[in-house]
Structure formats: C-alpha cells, structure tokens
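Shown next, in structure tokens, is the structure this report addresses.
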Amino acid sequence: MLLTYIVKRIIWTIPFLFAVSLVSFALIQAPPGDYLTTFAATLAQSGDMVDEQRLEALRTRYGLDQPFIVQYWKWISGVLQGDFGISFEWQQPVSHLIWERMALSVCLALSTLLFTWAIAFPIGIYSAVRKYSIGDYIVTTIGFLGLALPNFLLALVLMYVGVVYFGANVGGLFSQEYQMAPWSWAKVVDLLEHIWIPVVILGTSSSAALIRIMRANLLDELNKPYVTTARAKGLSEFKLLIKYPVRLALNPFVSTIGWAFPQLISGAVITAFVLSLPTAGPLLLQALLAQDMYLAGAFILLLCTLTVVGMLVSDILLALLDPRIRYQ
Amino acid sequence: MATVTPLRPKPLAQRAEAPVVLEVEGLVTAFPTRHGLFKAVDDVSFALEAGRTLCVVGESGSGKSVTARSILQIVDTPGRIVEGRILLHRHRTSRGKGSDDTVDLASLEPRSNAIRAIRGRDIAMIFQEPMSSLSPVHTIGNQIGEVIRLHEHVSKKAARARSIELLRQVEIPTPETAVDRYTFEFSGGMRQRAMIAMSLACNPSVLIADEPTTALDVTTQAEILGLIKRLQDDHGMAVMFITHDMGVVAEIADAIVVMRHGKLVERGSVEKIFFEPQHDYTKMLLQAVLDLDRPSERRLERRAVQPLGPPVVEIRNLTKHFDLRHGLFKRKGHVLKALDDVDLALRMGENLGIVGESGSGKTTLGRCLLRVHDPSGGAMLYHGANGVTADVATAKGAELAAVRRDIRMIFQDPFASLNPRMNVAQIVGEPLLVSGIASGADLRKRVGELLDLVGLPANAMERYPHAFSGGQRQRIGIARAIALEPRVIVADEATSALDVSLRTQVLDLLLDLQERLGLSFIFISHDISVIRYFCDRVAVMYRGQVVEVGETEDVCNDPQHGYTKALLSAVPHPDPRHRGMLGRHRYQAGA
C-alpha cells in the first residue's frame, strides 16, 4: 500500500518536472531581447561600437534566432545528458559554476530547517499546553517580533553585534584561508563555525511562524475525544501528550518541508547579499539581470526540482506518519 | 397524560443482593466562570452494584457526562470536584484482597499515580463517538495493548495475544488481522466494539458507558447493547450507562437515575421510575417518548378534513452513482450505487417519511431533489403551482432556480447549519434578499412575520445563533426554509439533534406550518417513532433501494420486507416489560 503510493507519487513528478522546465525556460525568455542585446548595451555604455554583423553571427552561433520550441529542445536535451550549456557572461560551462553554490544553498536550507524545527517544536507544544500562561505570552511576543523583523535587518544587526562586540568574522560561509581551498575536514569545520549566523537569521521568522502553527494545531487536538479516551486509560499526561495529540498535530509540520525549502533558498537572496554568502541566490540574480539564459535557466530548473523533491519527501513522510493518507 | 397500563409489573429478573462496588455521595463538580462557580453536577448520590446496570438519564446539559467524568477525575479543565465522596470498594471486587480496601476517588489528585492506576484498570469508560474517541493514526492493537501494558507487566507479544483475544470476545471477525488495522477501516459499530474491547482489557469492575450507542444505527445499537449485556454477565461488572433514550433505558436498566440541570431529580428501580414516576420531570420525559410512539392526533384530524391532493413530486427510476475510482490508472467497477432505481411520489399536503440506516441513500435522495447532487439517471418531476411540470433531474438556469425556490431544506445540525457570524435577521432574510423579493424595511417586516410563524419573539432578530438553544436554532432554520413560501420541504434528520421533549414541539410546529402554508414534507429520519408521529406514508430504504412503501401504520404494524422487520424489531421500546430486542430479527441482503 505504502509502496504503491510512493511509486505513484514519484511517477507523478515526471510530467510535473517537464511542465516546470517548460515554464522556467519560458520565464527566462520572457524579458524583451536576449543576452546579446544586453551585451551590446553594456558595450555601448562604455563607448565601444558594436558591429551589427558580428552580433548577428553570434546570434546564429548561439542559436538565439531560432524559435522558442527549438531553443527549448536544444537546452532540455542537453540538460538530460548533464550538459547545462555555457554561461555567456562567464564563458564557462554552467555546471562548473552552479554545483558548489547549489550544494551550499541546500546545506544552508537544510540546517535552517532543522534549526527551525528544533526551536519551534518544543516551544509550540509548551505554549499550547500552557495556553495563556506567562511563558506563552513571552514566547508569543518573541515569535511576533521574529515574524515582523525583516531578515536582512536582523542580519545587519547580528553582523554589527558580531563585529563590534565579539570581533568575529561574520561575512561569508568560510574564513579567508578556506575560501578557495579544496574540500577537507578542516574546511567542513570552518563551514560549521560560520553557518550558524545565517541559520539563525534565516530561521527566526520561519520558527516564529511554525510555533504559531504548532500551537494552533495542538490546541485543536488537545480537546479531541481520543485524548479523553487515552486519559481514561490511565496514561500519564506527558506520555499521552506525545503519543496522541502531538502526533496528530505533526502533519502540518511535516508539510512545511515542501514550502519551507524553496522559500529558504529564494528568500535568502537578500540575506545572502548582506552576509556575502557564496550561495545560489546572488549568482541567480546576477544571471537574470545579464539575461545569461543558460545559467539562470539551470538555477531556476534546479530550484524548481528541489521544490518538487521537497514536496515529494514531505508527502512520503506524511504517508508514513498518517495511515489515513496512505489508504486513500 | 396517556397512562401506562396500570398493571403491576412482574419483577424483570429475580434480583439477589448484589455488593455495592462504587458509591457516589453528594458529588458537586463545578466550573469557575466569570459569574462565579457554575455547578455542572450539584449534590448527586447513587451507587453501582456488581453485575447490575444503572442508567443515568437526562437531556443535554443535565450534567450526566460530567458526573461520569468526575468518577475518573477526567473532567475537562477548568472543572473540578468541589464536594462529595466517590468510594470505590475494591475489596468487594474480584481484585479485592479480602480486607477493607476502599478508596475515595474524589480526594485523589487528577494527575496522581493513584488515580491513574484506577483508570482503565478498576474503572473503564467507553465514549459516544467511536470515530473520534479512538486515535486515527494508531492501530487498534496498539491502542488496546497500551492499556494492558500500562497496568500489567506483560511483554508486547503477550499484550498482542490478549488484544486479539479481546477482539474475538467482542465478536470482531478475523481478529488476527483486525488487530493491525486502523479505526477508519472499520464501520461505526465495529469501532464501538473495538472501544469496548479496549475498556475490557484489564477486567474492570466498573464500566462507564457514556452514550455508547447514540451515534449508531438502531440495528447496530441493538447488537452493541446485547454485547455489553453478555460481557456484563460474563465478567460481573457494574455498568453505569448514560443515555437520553428511554427506549434503551427500558431495555437494559436495573436502576435509574434521572438528572436535570446538574441535580438528581429522581432515582429508583426501573419499575419504579417507569411505572410510578414521582417527579414531574420524569413524567414529562416518559410522556414525550410515549407521545412520539403513535401518530399525531392532530395530523389524523387534519387529514380527515382535508384529503391529500394530487402528486407534487414524482421520482422515477432515480439513480445516483458515486465514482469511487481514483488514481493514475482508473480501475473499473468501483462504483457506489447510492440510489438504485428509486420510484417515489409525494402528494400535495402529504408527509412522506424516508427511513433507513446510515449509508442507505436517504440523504442522497434528499440532496438529489435539491440538486446538490446531479442524479446519474432517472427523472424527478415537479408539478409547479402554475401547472408547469419541470424535471428537476435535468433542469438548468432559471427553471432550476424556480424549482429551488419551491423546494427547500431543513438540516439536521442546528449548530452547524447557521452561520455564527450572521444575526437571525440576516440568516432568515438571506433567501428573500438573494432572490430579490424583499429588502430594507420590507425585509425586516417579512422576517418578523416569519419568526412569529415559528414561535420566536421579534426581538430575536438582532441576536446571533449562539444565543439560542438547540430547539430555538432549529426554529430559525425552519423560518429560513419557509421564507420563500415553498411548496415542498425536505427535512433531513431535522429533529435528530434535539432532546426528546423538544422533538414533539418541533414536529407540531411543522404540522402547524403545513396547515397554514399548504406544505408537503419529505421527512428523512432514522428514528421510527418520529416518522410514526409525523408521516402519512413511509418509504424504507436499504442500500440505495426502496424496499417497502406504504401507510406508516401499516408498515409499522405489519412490515412485509425482511429488512423492515429487522429494523423495527431493533427499535427499543420504552417499556421495561417488553425487552424484545435481544430476540430480534436479523436481516442480511440476499438471505
């Protein structure tokens, strides 16, 4: 039962991914002009004359004069073989540029998600069980502050505090000496030393949101008849709480993987700029501004794929957690 | 008052002295509110005897559930026991060790280990709604095994074996596989059986059952009551059975406690309460039940003066299939025939009852008539006041709108069917406003008239639904239904959520409106007594088909179809001398 559900669900992602790739390619093509017009404009600004014939030649060479569907086909068939094309701006294969940044983005997103859960889960339960207590009010207030504060502002404040009071090196994800170094254990340790600042910054608002969600869900579940039944069995209050209402309040929690993932990656752009993180966000923005279509396309496609995979993971987790979904 | 036959009843069973297992003395359970303490249970005393059943009877809000929960100290916060004693005489149970071992449960802390050791072990409880009272995400075996492992030091394997044995005791088929299944895979009756198995896990000496059969069909109810009785005989439990249904009380009770507004009104043996009730409230409760168990005199008088007219709705070969196929590769054959070739006619001024179990298609029929569902086949001819006949099954646009103005609905749940954010004037006036018939001062005047028709004061207009009791809310729902001067009203379980004493009032109101406005009713109910009171003819539905149609009295007194016989014999009679349910008919399709 569970297996057929998972297989079905995976099969469904295939047409979905196809649609996503089509839409992302169309989105990149949507702004008027192409990379060459932007290129020509940049050159013109700096006073250089551009030879129209040379532009035409380039356009033909890159295949930019061909119809949409042909361009799409060329691109997607390459992608399927692992070839994401060449970045116009960087004059390098796209795959060289993106993998490390994507990996760091995913790493950051996952850490933030874990951080969010670790904070939101116990606090959410606490503030539901001790509804309207002093503790609940304090947590709620902090939660609303976390929701209301923009991430970049928090980033600036934390950076200021870090530099001025602790003298810490707060920019980026690595210390100077490791920035260009190949991966090693020492580099991983260095990453762990740096990653907590962006994790805290990015995690604050989503934790605050999750605390509210957990609290509301649990409050709904706490008065359900099955809780009374469990109490009438003689279970202790804590065991009862964890086994029954919390278990049922978890569903929306798990669903958050689906939406938290893309939000963390795309929403992190401004924070990534402020903290100069070597993640995908800043590069994507730059690629979009320069109409560097293959680079931008690769990013968007990967982000969308991640979203789809996130949804898939959360659906499978939900099915594991809740038999009602499994058996539908 | 229609008195019960003045014959002295014979004793129901030869009763030997039975040991008192649990005593409740002067119990007061209160909830602090802004206006001080609200006593949900106020000075209640009774005793439970081993092997005997005590029925606690009362209408909603009488405090019977809170009493039960007080015994286990599981009253919802912020309620708590303020006064009184709850003595559990353990030495008189099978668990006793001979010496005097009496615990005062009222003195124990609700979170203490002492009370937790008693919950589920000495005293077990089963609840009303078997769906929501069991966790949907844990298997049956997990939930039963949990109680066993909680109170006895046994291995998981042993607990599982015991769970299977318990499921077998409560007659769940193939208990070896059922133990690993989830509650939503069971029917309502099966869930309640699983719940009972769970409560019996540790051989309790007291079983508290809080309306355990209220959410079930009569046939399932009869089976569950039989099961509880059999288990009680086997285990010698004292049973405290909470219900509002006097029929059930008559069927199972040895002793009765009548409660009202948190106070104990009257207590005594079943014979004493049924045949020599002392208190007016007890008399009223019994009378309300008796009133319902026969045709309304008023309806019969009216029919004698004004015979029924020509058909106003004719349903021909109506079918409705629900497609249960889903998923990527649609498999064939998963079709639920909710309505299977139904033929019915409703005459002008007639009350047509539709009775059947849940899942029999009676609600689907009502919804098809209002085109909430589109039928899969067949016709529903509606003969309008202007002589035009419309087929409701296929009507569209203006034609459908016209039909919907003439056929209105009254819903079951008076709480859920009224928008809590709208006041009564808005609720009742909405159909008038939407169809552009009245607005402004004209609308208010019309709403006032409607409220007057259903017996509500005009000042009700400004208030919101939560300010009204269940019976009053149902009146609001009725006012809304008659706002557009319809000709046909479909009432889907319109009185099921109401207390017995209110049912007759609402039914009389509907009869009154029928007289004044010339209405015809399609009255959907699972409750035979209500149908008997209100309906001229009754159609019995079973698995999407109408198995029997006829004059209500004929069908009730001389049922022809096997299913009708089974249904009628499962209805508990409010007379303890006729405990007939256990020897009832059973009906299996195809048998």
### Query
Where in region A:1-83 are there helices (runs of 4 or more DSSP H), lying wholly inside it, with at least 3 residues that are touching a residue at least 24 places away in the same chain (Cβ under 8 Å) and within 14 Å of chain B (Cβ to nearest Cβ)?
A:2-29
### Task
Looking for whichever is on the phi > 0 side of the Ramachandran plot and more than 14 Å from chain A (Cβ to nearest Cβ) here; the options are B:Gly247, B:Gly236. Which one fits?
B:Gly236
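When you go through B:Val289, B:Val305, B:Val313, B:Val335 one by one, which is the residue that is closer than 30 Å to B:Arg408 by Cα and at pLDDT 90 or above?
None of the others qualify; the one that does is B:Val313.
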### Query
Among helices (runs of 4 or more DSSP H) lying entirely in region A:266-328, which contain 3 or more residues that are within 14 Å of chain B (Cβ to nearest Cβ), surrounded by fewer than 21 Cβ atoms within 10 Å (Cβ to Cβ) and out of contact with any strand residue (DSSP E or B) (no Cβ under 8 Å at 6 or more places or on another chain)?
A:293-321
### Task
Looking only at region B:522-549, count how many residues are closer than 14 Å to B:Val571 by Cβ and open to solvent by less than 10 Å² (accessible area, probe 1.4 Å).
5
### Odd one out for B:Ile144, checked against (1) crowded, with 19+ Cβ neighbours inside 10 Å; (2) away from every other protein chain (no Cβ under 11 Å)
(2)
### Residue within region B:100-123 that is within 11 Å of another protein chain (Cβ to nearest Cβ), open to solvent by less than 60 Å² (accessible area, probe 1.4 Å), touching a helix residue (DSSP H, G or I) at 6+ places or on another chain (Cβ under 6 Å) and part of a loop (DSSP other than H, G, I, E, B) present
yes
### Query
Mind checking which residues of region A:47-61 are open to solvent by 50 Å² or more (accessible area, probe 1.4 Å) and modelled with pLDDT under 75?
A:Gly47, A:Asp48, A:Met49, A:Arg61
### Message
Name the residue that is surrounded by the fewest Cβ atoms within 10 Å (Cβ to Cβ), counting only residues in region A:219-230 that are at the interface with chain B (Cβ under 7 Å from one of its Cβ atoms) and touching a residue at least 12 places away in the same chain (Cβ under 8 Å).
### Response
A:Lys224
### Task
Could you tell me whether B:Pro572 is surrounded by 17 or more Cβ atoms within 10 Å (Cβ to Cβ) and modelled with pLDDT under 90?
yes
#### Entry: Sole residue being within 14 Å of another protein chain (Cβ to nearest Cβ), among the small types (Gly, Ala, Ser) and under 22 Å from B:Ser569 (Cβ atoms), chosen from B:Ala215, B:Ala197, B:Ala201
B:Ala215
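So that you can scan it fast, the table gives a plain yes or no per residue for (1) modelled with pLDDT under 95; (2) under 30 Å from the mean Cα position of the chain (by Cα); (3) under 21 Å from B:Ser94 (Cα atoms):
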| residue | (1), (2), (3) |
| --- | --- |
| B:Asp122 | yes, yes, yes |
| B:Met131 | yes, yes, no |
| B:Ser135 | yes, yes, no |
| B:Ile148 | yes, no, yes |
| B:His151 | yes, no, yes |
| B:Arg162 | yes, no, yes |
### Query
Can you spot a residue in region A:242-261 that is touching a residue at least 12 places away in the same chain (Cβ under 8 Å), within 14 Å of another protein chain (Cβ to nearest Cβ), open to solvent by 10 Å² or more (accessible area, probe 1.4 Å) and farther than 30 Å from A:Leu306 by Cα?
yes
#### Entry: Which numbered condition B:Ala494 misses (of (1) in contact with a Phe, Trp or Tyr (Cβ under 9 Å, 6 or more places away or on another chain); (2) open to solvent by 20 Å² or more (accessible area, probe 1.4 Å); (3) not in a helix (DSSP H, G or I))
(2)
### Query
Of (1) open to solvent by less than 50 Å² (accessible area, probe 1.4 Å); (2) at the interface with chain B (Cβ under 7 Å from one of its Cβ atoms); (3) touching a residue at least 60 places away in the same chain (Cβ under 8 Å); (4) basic (Lys, Arg), A:Lys233 satisfies all except one. Which?
(3)
### Query
Going through region B:150-182 one residue at a time, which ones are in a loop (DSSP other than H, G, I, E, B) and either within 14 Å of chain A (Cβ to nearest Cβ) or without any contact (Cβ under 8 Å) to a residue 12 or more places away in the chain (or both)?
B:Glu152, B:His153, B:Val154, B:Ser155, B:Pro173, B:Thr174, B:Asp180, B:Arg181
### Message
Can you tell me which condition A:Leu173 does not meet? The list is (1) within 14 Å of chain B (Cβ to nearest Cβ); (2) crowded, with 19+ Cβ neighbours inside 10 Å; (3) of a type outside the set (Gly, Ala, Ser), and all the others hold.
### Response
(1)
### Message
Against the condition within 26 Å of the chain's Cα centre (by Cα) and either at pLDDT 85 or above or within 30 Å of A:Ser255 (Cβ to Cβ) (or both), how does A:Ile98 come out, does it pass?
### Response
yes
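Looking for something within 24 Å of the chain's Cα centre (by Cα), under 30 Å from A:Arg212 (Cβ atoms) and modelled with pLDDT under 85 - is there at least one such residue anywhere in region A:177-190?
So far as region A:177-190 goes, no, none of its residues is within 24 Å of the chain's Cα centre (by Cα), under 30 Å from A:Arg212 (Cβ atoms) and modelled with pLDDT under 85.
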### Query
Can you pull out the residues in region B:124-137 that are more than 8 Å from chain A (Cβ to nearest Cβ) and either among the basic types (Lys, Arg) or open to solvent by less than 10 Å² (accessible area, probe 1.4 Å) (or both)?
B:Ile126, B:Pro130
### Query
For region A:154-170, which residues satisfy the criterion of being surrounded by 13 or more Cβ atoms within 10 Å (Cβ to Cβ) and under 26 Å from the mean Cα position of the chain (by Cα)?
A:Leu154, A:Ala155, A:Leu156, A:Leu158, A:Met159, A:Gly162, A:Asn169, A:Val170
### Among the residues listed as B:Leu519, B:Leu510, the single one being under 19 Å from B:Ala497 (Cβ atoms) and open to solvent by less than 10 Å² (accessible area, probe 1.4 Å)
B:Leu510
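The values are calculated or read from the model by the stated rules, or taken from the named source; none is laboratory data. This is a predicted model, so every value here is computed, not measured. All Cβ positions, even for glycine, are placed from backbone atoms using ideal geometry, and neighbour counts span all protein chains on display. Ligands, DNA and RNA are stripped out before the accessible areas are found, and what is left, the full protein with its side chains, is counted by its heavy atoms. Shrake-Rupley method; radii C 1.70, N 1.55, O 1.52, S 1.80 Å.
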